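Read-outs: derived from the displayed coordinates by stated rules, not from any lab. This is a predicted model, so every value here is computed, not measured. Note that we place each Cβ from the backbone using ideal geometry, even for glycine, and neighbour counts take in every protein chain shown.
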Amino acid sequence: MVKYEIDYKSVGERIKNSRISKNITQDKLAELIDINPSHLSNIERGKTKMSTDTLANIARSLNISIDYLLFGDVTLEYNQFTNIAFLEIQEMLGNKNKDEVNAFITFCKNFIDLLPQIRK
């Protein structure tokens, strides 16, 4: 089994950069994941480790993968990528009614039809 060395400073930087790119303050993210803002600050500066629950909550709140947070750019196989996409779509549509789901499907089909024009 391969043992990975986790660079907590880099993990913290990826958390901070992802948080900032989504226009989320430290205070707001800390509130979302139910930790103290100073603890989040220490995580972002690589000064402290975090629990797996906190890591999962950060990833979920920022809509990024745990692999990315821990290891940086991770190239996903096509099947892994589509599985993640399907899960995200399922989550988005989870509380929608039949008409809303059908409207989403119609929108997606129309978008797919436009892709050749967009790629030009």
Reported set for the stretch 40-53 where residues are more than 20 Å from the chain's Cα centre (by Cα) and either more than 13 Å from Glu13 (Cα to Cα) or among the basic types (Lys, Arg) (or both) is Lys47
Selection within the stretch 49-62 - loosely packed, with under 14 Cβ neighbours inside 10 Å and touching a residue at least 40 places away in the same chain (Cβ under 8 Å): Lys49
Residues that are touching a residue at least 12 places away in the same chain (Cβ under 8 Å) and among the hydroxyl-bearing types (Ser, Thr, Tyr), drawn from the stretch 1-41: Tyr4, Tyr8, Ser10, Ser18, Ser41
Filter the stretch 84-108 down to the residues that are surrounded by 10 or more Cβ atoms within 10 Å (Cβ to Cβ), among the charged types (D, E, K, R) and farther than 22 Å from Asn63 by Cα and list them by number. Glu100
